[in-house]
Amino acid sequence: MNTPNLHPHASQERFARRVAAHLDSQLSHDVSERLRAARVRAVAMRRQPIAKTAPGLQVQNGAATLNFETEKLRFTGWFAALLPLIALLAGLITIHVLQNDLRASELAEIDSALLTDDLPPAAFTDPGFLKFLKTPMDAPRTTTPE
């Protein structure tokens, strides 16, 4: 009956120990001692908990996670979090103001063109004049007797 392996990396550790023993048996004493010291340092570093790199950022087993529940953000943290929102709002307000200015300048140009034209503005509201504008230029123009 197979029992479940309680240590998931047991096969890797056995393989590493066999490789280390094989390397130790074929190397000189000086080289094997340096390798053993390096292994001891590597294992000691592996067992040390990884320090936090930034507020709220934790790195464990090669995975980075954000955790803001245990620590309160200081003013700089809140400001850094709100800075993109502030920039977005400033951009939207700028676009709105520029669009309104563009519309106002277009309307002012149309108004000035109407006021400086040879025709009076009342001509554009006359139904007969609108009918005259809609007829093609090559069509024969008929005049109605008055």
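Rule-based calculations on the coordinates, nothing more; no lab input. None of the values given here were measured: they were computed from a predicted structure. Don't worry about glycine lacking a Cβ; one is built from the backbone with ideal geometry, like all the others, and counts go over all protein chains shown.
Values as computed for the structure displayed
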quantity: Table column - 3J(HN,Hα) (Hz), region 38-43, Karplus curve with 6.51, -1.76, 1.60, x for Gly and Pro; calculated: 5, 5, 4, 5, 5, 5
quantity: Label-zone membership for region 77-92, site Ser105, 7 angstrom Cα→C-beta point, backbone N under 20 Å; calculated: 91-92
quantity: J(HN,Hα) series, region 76-84, from Karplus relation 6.51 cos²θ - 1.76 cosθ + 1.60, nearest Hz, glycine and proline x; calculated: 5, x, 5, 5, 5, 6, 8, 4, x
quantity: Two-site FRET efficiency, Ser11 against Ser32, from Cβ-Cβ distance with R₀ of 25 Å, rounded to 0.05; calculated: 0.55
quantity: Net lengthening on full extension, Ala64/Val43 (0.36 nm per residue, minus Cα-Cα); calculated: 5.4 nm
quantity: Length added when fully stretched, Leu92-Thr76, from 0.36 nm per residue minus Cα-Cα; calculated: 3.3 nm
